[in-house]
1. Under the rule of at least 5 residues apart or a separate chain, name every residue whose amide H is placed under 5 Å from the amide H of ALA153.
2. Between LEU1 and TYR122, what is the FRET efficiency for a Förster distance of 41 Å, r being their Cβ-Cβ separation, to the nearest 0.05?
3. Can you work out the Karplus-derived ³J(HN,Hα) for every residue in segment 3-16? Use 6.51 cos²θ - 1.76 cosθ + 1.60 with θ = phi - 60°, whole Hz, and x for glycine or proline.
4. Can you give the translational diffusion coefficient of segment 112-176 in µm²/s, computed by Stokes-Einstein from the Kirkwood radius over Cα pairs at 4 °C and 1.567 mPa s?
5. Of the listed peptides 47-54, 168-175, what is their order by residue-averaged count of other C-beta atoms within 10 Å, with the highest listed first?
6. Step through the residues of segment 86-97 one at a time and calculate ³J(HN,Hα) from phi using the Karplus curve (6.51 cos²θ - 1.76 cosθ + 1.60, θ = phi - 60°), rounding each to whole Hz and writing x for Gly and Pro.
7. How would you rank 2-11, 118-127, 57-66, highest first, on the average number of other Cβ atoms within 10 Å across their residues?
8. When ranked by the protection proxy of mean other Cβ atoms within 10 Å per residue, highest first, what sequence do the peptides 81-93, 152-164 form?
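The values are calculated or read from the model by the stated rules, or taken from the named source; none is laboratory data. Predicted model only: the values in this text are computed from it and were never measured. Cβ atoms come from the backbone with ideal geometry, glycine included; neighbour counts cover every protein chain shown. SASA here: full protein model, heavy atoms, side chains in, ligands and nucleic acids out. Shrake-Rupley method; radii C 1.70, N 1.55, O 1.52, S 1.80 Å.
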Amino acid sequence: LVNELVEWGALVRRASGEYVIGRRLWDLGLLAPVQSGLRQVASPFLHDLYAATLATVHLAVREDTSVLYIDRLSGHVSVPVVSDVGSRLPMHATGVGKVLLAHAPPDVQERVLANLTRVTAYTITQPGRLRAELRRVLRDGYAQTAEEMSLGACSVAVPIHTSDGAVVASLGIVVPSLARDRPRLVSALKVAARGIGRSLPLSESG
């Protein structure tokens, strides 16, 4: 079966013997609605954010109890990050993840809160502390992290709403520090998120 997948192009066998996703699966993935719809609509806004900040910009959605990164822009001067397009990371340790967790159904929140793994020394692993932070996300309209996923990297993120109010994705920026530029970054993210949301069809919330 694996050999057939290699022949078809779904898998690629590396010299080390490992198998990785091939071009055929990648092409199919790009046809998924979350890719062809949300990613296409958001692309110019992500490029504008990157041009204005030269920071790593993320577009992400929730997949069960993880955050799935569906687009990322970064450059040589951007802070190194562990995320990549198609990767899944813990919701509680990322800015985009915290936004999506704050707007997730109660059962999803409870499952995440019951399994708060430590990624760095700064990762929040106390359920009560994270609950308080999620309340702040809903109150302030943005989430932030400070070296909770990667040392030397801080992030800020906002929700993307459809015109009917549903939160379908999160938009975030990763920088070395939020000490001075947080208000400016939050403002830029919210403007971009509103632009993306206004361009999305209502069906995107499904």
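1. GLU147
2. E between LEU1 and TYR122, to the nearest 0.05, is 0.45.
3. 4, 5, 5, 5, 4, 6, x, 6, 10, 10, 9, 7, 4, 6
4. 100 µm²/s
5. 168-175, 47-54
6. Rounded to whole hertz, the list is x, 7, 10, 10, x, 5, 6, 10, 10, x, 4, x.
7. Packing order, densest peptide first, comes out as 57-66, 118-127, 2-11.
8. The most tightly packed comes first, giving 152-164, 81-93.
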